[in-house]
Amino acid sequence: TGTGVQVELYMGERLINGTLKRSFTLEREFSDHSPVTYEYLRGMTVGGFTLSAPSQSIVTTQFSFLGANSALQDSGRFSGATTIATDARGVLNSSSNVGRIAKGGTPISGKNFVTELSVEIANNLRNQNAVGVLGAVAIGAGEFGVTGSLNTFFDDKSLALDVINNAVTAIDARFQDGEAHAFLVDLPRVKFSEGAPEVPGKNQDVVLNLSYQAILDEVLGYTLKLLRFNGVQ
């Protein structure tokens, strides 16, 4: 019924967990050598990913890899090797770049201010070794697991009841700047594994530090979705 209303739809880069296994060759350059030495780490598969957003800090991510073998050479770079340019965009922080942090589709409100949010992914990788092979013949992949923490001030019982009742909920977070550069995390089905009100001591704030486990959403078909917007066209 919106006659004369203009609707704009923006599509970002989208990544969800799946079964396709990808591997990479990572290059490390020792430029103080003459000739320059290059180290190549091959068959590198992403084993883990961590996103950390503590209060009043830079939002950081960290990747861990498991590889098959490596090589050193000083006769030049591997054919096709490229250097990724430094990103010109500013980093996102947990103070002025928070669009929202929500539970069950609703932004966490009241005085239950979030003090820290973290997301940890583990692919449970393993080296597959064989006789006569230096290194690994392949990288085996295990279960895709997502855990994390949601720490808040303890203002009311709503979040604590989710732990007690073993409730199924969702967590999503959006970090963005003023140039339409945004990074979103969507966990459509989670359960809190632990968390109880903590009283650190006299004249200190009562807090609720929640740990959670993400579960596959059978309707949406994923456990975790990451979205990135690099600006509005």
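From the set of residues in region 178-196 that are under 27 Å from Phe154 (Cα atoms) and assigned to a loop (DSSP other than H, G, I, E, B), which is nearest to the chain's Cα centre (by Cα)?
Gly195
Please determine, by comparing only the residues of region 112-140 that are closer than 28 Å to Thr169 by Cβ and either of a type in the set (A, V, I, L, M) or without any contact (Cβ under 8 Å) to a residue 12 or more places away in the chain (or both), which one is surrounded by the fewest Cβ atoms within 10 Å (Cβ to Cβ).
Ala122
Having 3 or more residues that are open to solvent by less than 70 Å² (accessible area, probe 1.4 Å), in contact with a strand residue (DSSP E or B) (Cβ under 7 Å, 6 or more places away or on another chain) and closer than 20 Å to Tyr212 by Cβ is the bar; report the strands (runs of 3 or more DSSP E) wholly within region 56-111 that clear it.
The qualifying strands (runs of 3 or more DSSP E) are 98-103.
Right, Leu41: surrounded by 13 or more Cβ atoms within 10 Å (Cβ to Cβ) and in contact with a strand residue (DSSP E or B) (Cβ under 8 Å, 6 or more places away or on another chain) or not?
yes
Glu39 fails exactly one of the following numbered conditions: (1) farther than 22 Å from Asn123 by Cα; (2) in a loop (DSSP other than H, G, I, E, B); (3) out of contact with any Asp or Glu (no Cβ under 6 Å at 6 or more places or on another chain); (4) not aliphatic (A, V, I, L, M). What is the number of that condition?
(2)
Which of the residues spanning region 138-173 are within 19 Å of Ile108 (Cβ to Cβ), in contact with a Ser or Thr (Cβ under 7 Å, 6 or more places away or on another chain) and outside any strand (DSSP E or B)?
Matches in region 138-173: Leu159, Asp162.
The values are calculated or read from the model by the stated rules, or taken from the named source; none is laboratory data. All values derive from a computational prediction rather than experimental measurement. Cβ sites come from the backbone with ideal geometry, for glycine too, and all protein chains shown count toward neighbours. Note: areas computed on protein heavy atoms with side chains; ligands, DNA, RNA excluded. Shrake-Rupley method; radii C 1.70, N 1.55, O 1.52, S 1.80 Å.
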